[in-house]
1. Given (1) away from chain A (no Cβ under 13 Å); (2) without any contact (Cβ under 8 Å) to a residue 12 or more places away in the chain; (3) touching a helix residue (DSSP H, G or I) at 6+ places or on another chain (Cβ under 9 Å), identify the lone condition not met by B:Pro143.
2. Select from region B:146-162 the residues that are touching a residue at least 24 places away in the same chain (Cβ under 8 Å) and open to solvent by less than 50 Å² (accessible area, probe 1.4 Å) and write down the one among them that is farthest from the chain's Cα centre (by Cα).
3. Picking from A:Ile249, A:Ile191, which residue would you name as being surrounded by fewer than 21 Cβ atoms within 10 Å (Cβ to Cβ) and at the interface with chain B (Cβ under 10 Å from one of its Cβ atoms)?
4. For region B:241-258, what are the residues that are free of Cβ contacts under 8 Å to residues at least 60 places away in the same chain, more than 9 Å from the chain's Cα centre (by Cα) and either outside any helix (DSSP H, G or I) or at the interface with chain A (Cβ under 8 Å from one of its Cβ atoms) (or both)?
5. Test each condition in (1) open to solvent by 20 Å² or more (accessible area, probe 1.4 Å); (2) in a loop (DSSP other than H, G, I, E, B); (3) more than 10 Å from every other protein chain (Cβ to nearest Cβ) for A:Arg176 and report the one that comes out false.
6. So which helices (runs of 4 or more DSSP H) stay within region B:1-108 end to end and still have 2 or more residues that are away from chain A (no Cβ under 14 Å), within 21 Å of B:Val299 (Cβ to Cβ) and basic (Lys, Arg)?
7. Take the conditions in contact with a Lys or Arg (Cβ under 7 Å, 6 or more places away or on another chain) and either under 26 Å from A:Ser227 (Cα atoms) or in a helix (DSSP H, G or I) (or both) and apply them to B:Phe162. Does it pass?
Amino acid sequence: MKRKRSFSLTAGAVMVALIVAMCLVSFVWMPMDPEKMDTANRFALPGAQHLLGTDQFGRDVLSRIMEASRWALLVGVCSVTAGAAAGSAIGAAAAMLGGVLRSVIMRFIDGMMSFPGILLAMMLVTVLGKGILGSVLAIGIFMIPTFSRLVYSMVLENKQRLYVKAAQSYGCSRRRIVLHHMLPDMLPRLITQFSSSIGGAVLLESSLSFLGLGIQPPTPSWGMMLSEARQFVLSYPYIAVAPGVVLLITVLGFNLLGDGLNDRFVKRSSR
Amino acid sequence: MLKLLVRRLLSALAVLFVVSFITFVVLLCIPGDAAQLVLGVDATPEKVAALREAMGLNEPWYIQYLDWIGGVLRGDWGTSYVYGENVWTLLCQRLPVTFSVALLSMLIAVVLSAVLGILAALKKDSPLDILARTVMQLGGALPSFWLAMLFMLFFASYLGWFPITGYTPMSEGFGACLRSIALPSFVLAIGELGILIRIVRSSMLTALDQDFMLSARVKGLPPRAAIVRYALRSAVIAPITISGMQLAKLLGGTVIVETIFALPGIGRLMLTAVEQRDITLLQGIVLFITSMVVLVSLVTDLIVMAVNPAIRTGEEAVSR
């Protein structure tokens, strides 16, 4: 049977490809120097010279958006990778160990789940410090419970399967069982979660930057650009449009990609 | 039933302990000396040392934790050094603002997601379903601060329907208060829609697919009656649980709209605490909000236990 083409998958892939392409292009070409101020040209309307206009210092908005895309993707990918690695390890350990240790670990994860995202991120940034590293770590820690829970339930489910019992019977270590025998089966769901989580991470990073707790000036970030635009938004509404649209496309793209992958790989394999 | 109840209570207590522990330990790691922060950089070392002793900072960390938790249980949440007031008093002052915004936005989100989610599930793949799924995706992806700015521009500045910023307390009239929190609540509600529509739609789809719907049809019940009497009742559990959790989480998630719309709520208090490194205040806020999340999720679980006959009679819910 021919599969129906998934709209989410296509749309998500296109949006993510657009943003990644913009990020890559920024390394070889940007319309202008994103840091260069031009006070004569403050709040220029979008036009031939500045495709998306200029900000309150006369800096080219398009160039700043392009440079900021590097940091958004860097923080998104790094934080989710760190969170996924740590979270998966914790979840797998809890499921394989069993006993008191399992309850202790899972109650701990429950506790972390009780923190609203922005609250946990703000608290962690207070300790870890503002800036890129602080954001990556804070968002990475925020991602741990999601991946722990996912891997925990998958490992528990797989533990009952015959192939795991077979591996146990010929003396595989627990680590080998998880890494060599279970991981291939868990990979589709992990990749799906990875993609959706990047969307969430980019959103969280931009929220931190908006509050002045994330990426620090002069490094541009979409959240900070919007935070600066807020002071002038009533007089110059157009400066708030472009960074928001790009941010929306990024988050929506990764979310749709995650949903699309989920429809394609996870739901089919569970049937 | 009783066994289940006791187990659920114990697990809530354990999570509460974990939450308070995480909060305390994480904030203990803040670089810098708390006593120095309170007194400022000009303070003499003797004064700092004396205050350290008075604040109990020389004790081992577990004694400090027990002191703090003991105080919290007795109602003494410590004194904020920025405001010079009791943390509990500050929380009580700010809570009405945050709570009314959170409650209104959840009301909007629950009503809209129930209508959209149920109709979308009944008419799967129809234009309405596509609309619901679009709202769901946008709700999950729209940055709240951007949406807040757009709403402010259009509804407050251009149309003039709502005040641009500021909060009018309930004492100055219900209508004025409602108008001042309407826009922030809508912004938060759209974010919540992303989560809630997904849950409502998928639990409704699952319910419609169950065997009891087939037997209702076999015994000749009109579809509408079957949906209202069986499907809706079975589909309502997951959304109730999630809505409760989200309401509690919103108490800690309002910081962005409070900043943009200049509302004097808990979120702004927290931002001040983070910026000024007011550890006592931050500890208090974080503990308060996470405890609310744990308690609300306990209460919603208890409600679900009371509503769901399968759990009430002590059987495990059969889900296939």
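The values are calculated or read from the model by the stated rules, or taken from the named source; none is laboratory data. Nothing here was measured: the structure is a model prediction, and the numbers come from that model. Counting neighbours? That spans all protein chains shown, and the Cβs are built from the backbone with ideal geometry, glycine included. Keep in mind that these areas ignore ligands, DNA and RNA; they rest on the heavy atoms of the full protein, side chains included. Shrake-Rupley method; radii C 1.70, N 1.55, O 1.52, S 1.80 Å.
1. (1) is the only condition that B:Pro143 fails.
2. Only one residue tops the list, namely B:Ala156.
3. On inspection, the qualifying residue turns out to be A:Ile249.
4. B:Val255 - this is the single residue of region B:241-258 that is free of Cβ contacts under 8 Å to residues at least 60 places away in the same chain, more than 9 Å from the chain's Cα centre (by Cα) and either outside any helix (DSSP H, G or I) or at the interface with chain A (Cβ under 8 Å from one of its Cβ atoms) (or both).
5. Result: A:Arg176 fails condition (2) only.
6. Qualifying helices (runs of 4 or more DSSP H): none found.
7. Taking the combined requirement at face value, the residue satisfies it.
Here's the yes/no breakdown for (1) crowded, with 22+ Cβ neighbours inside 10 Å; (2) among the aromatic types (Phe, Trp, Tyr); (3) modelled with pLDDT of 80 or more:
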| site | (1), (2), (3) |
| --- | --- |
| B:Phe174 | no, yes, yes |
| B:Leu183 | yes, no, yes |
| B:Gly191 | yes, no, yes |
| B:Ile199 | no, no, yes |
| B:Ala216 | no, no, yes |
| B:Lys219 | no, no, yes |
| B:Ala225 | no, no, no |
| B:Tyr230 | no, yes, no |
| B:Arg233 | no, no, no |
